[in-house]
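The values are calculated or read from the model by the stated rules, or taken from the named source; none is laboratory data. As the structure is a prediction and not an experimental result, all values here were calculated from the model. Every residue, glycine among them, receives a Cβ derived from its backbone with ideal geometry; neighbour counts consider all protein chains shown. Just the protein is used for accessible areas: all its heavy atoms, side chains included, with ligands, DNA and RNA removed. Shrake-Rupley method; radii C 1.70, N 1.55, O 1.52, S 1.80 Å.
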Amino acid sequence: MKKDSPIFVAGHRGLVGSAIIRNLTSKGYTNILCRGRDELDLLDQAAVNYFFQQNKIEYVVIAAAKVGGILYNQNYQADFLYENLVIAATLINAAANNDVKKLLYLGSSCIYPKLAPQPLKEEYLLTGPLEPTNEGYAIAKIAGLKLCEKYNMQYGKNFISAMPTNLYGPGDNFHPDHSHVIPGMLRRFHRAKIEGIPEVVVWGSGNPKREFLHVDDLAEGLYVLMEKYDDPTVINVGTGVDCSIAELACMMKDVVGYQGEIVFDTSKPDGTPRKVMDVSRMKSLGWEPKYSLADGLAETYQWVLENKIFDDGKTAYNRIRRGAII
Ligand code: GDP
């Protein structure tokens, strides 16, 4: 990518999109195009085609998606399936029709089979039944990955896909019910500390294991892929290290400086028992994550405090109303 190439980052206001913008800007890229939902509806094929044509887009990163934590995913499966399918189909097809040089699409570790062997290797995709709590999301994302692969095979397009693990960091969605585990728990620990609440509830048994990647490490990994990776086979981006939700809760308690007790609410779903990725292919490209989980959590908490995210619930709630672009 030349420093002045027109690059479209779809979903630039979300966790991933905003990190990609930070990353590209810090490297001196000057022609990054972003459009909010009010300016360009990614579900509108004609509008998206016109946008690509008018702006002579050369590179595309699809960081736009309807996303959410385990409960939100479970309860709104039709919306997750429909919106993510149409976003993928619309953007990938527009890129193909308008001679985009390279496109990067994002899957997620949660679209591997529920009981796949661990660590998850790229070839385990589509080898078993999916986790029911996010089946709608997973089917849409798998369709997006396959679209990239098929455009590559049929039309010789350089459309690639990456599979990020669970992400966190500045710009996340901190909604109390709709968010993923790190922002959801961070909010509860913070509130409990401020309000002197004697215990913090953690959803599920605490036994599931998850891998967490700081979003700025992901953004650097995606940059490496845009520069070096032209293979239609999906590639994992993660740390290769996991921890239990109970261990995560203890780390979070320390980061926030909360003195009370942790209790588990087993009426809430656990989801997949374990999700940790094999990241050897990504590492062979020379990429390594920089943040340890403890440092990343501390930095994220600092960002939350500086931006007064928990002082004013509006930010998180508005984002959900807009449809929770990543
Ligand atoms: P998942 O990786 O797709 O299951 O996504 P989540 O990040 O939503 O959940 C990860 C695990 O953390 C699940 O086992 C949840 O039950 C557990 N968990 C514990 N507390 C929370 C919370 O406050 N919010 C969320 N979303 N999950 C939580």
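Just one of the numbered conditions (1) surrounded by 17 or more Cβ atoms within 10 Å (Cβ to Cβ); (2) more than 12 Å from the ligand (Cβ to nearest atom) is not true of C110: (2). Residues that are surrounded by fewer than 20 Cβ atoms within 10 Å (Cβ to Cβ) and within 13 Å of the ligand (Cβ to nearest atom) within the stretch 197-245 comprise V201, G204, S205, G206, N207, K209, C243, S244, listed in sequence order. On inspection, Q118 fails the criterion of being of a type outside the set (V, I, T) and assigned to a helix (DSSP H, G or I). Looking only at residues of the stretch 187-196 that are open to solvent by 40 Å² or more (accessible area, probe 1.4 Å) and of a type in the set (K, R), we find that the one that is farthest from the ligand (Cβ to nearest atom) is K193. Among the residues of the stretch 9-67, the one identified as farther than 22 Å from N98 by Cα, assigned to a loop (DSSP other than H, G, I, E, B) and free of Cβ contacts under 8 Å to residues at least 24 places away in the same chain is D38. D278 meets each of the listed conditions (1) within 17 Å of S109 (Cα to Cα); (2) modelled with pLDDT under 95 apart from (2). Checking every residue in the stretch 78-87 against the condition of being part of a helix (DSSP H, G or I), closer than 24 Å to P132 by Cβ and touching a Leu at 6+ places or on another chain (Cβ under 6 Å) gives at least one match. Filtering the stretch 141-154 for residues that are modelled with pLDDT of 95 or more, within 12 Å of the ligand (Cβ to nearest atom), open to solvent by less than 50 Å² (accessible area, probe 1.4 Å) and not basic (K, R) leaves an empty set. Taken over the stretch 250-295, residues that are part of a helix (DSSP H, G or I), away from the ligand (no atom under 15 Å from the Cβ) and closer than 30 Å to I235 by Cα amount to 6.
If the condition is being under 12 Å from A138 (Cα atoms), within 16 Å of the ligand (Cβ to nearest atom) and of a type in the set (F, W, Y), then the stretch 47-89 contributes only F80. When residues in the stretch 251-278 are screened for being open to solvent by 20 Å² or more (accessible area, probe 1.4 Å), among the hydrophobic types (A, V, I, L, M, F, W, C) and within 18 Å of L213 (Cα to Cα), 2 of them pass. Criterion first (touching a residue at least 24 places away in the same chain (Cβ under 8 Å), within 13 Å of the ligand (Cβ to nearest atom) and over 26 Å from Y76 (Cβ atoms)) does S179 satisfy it? Answer is no for this residue.
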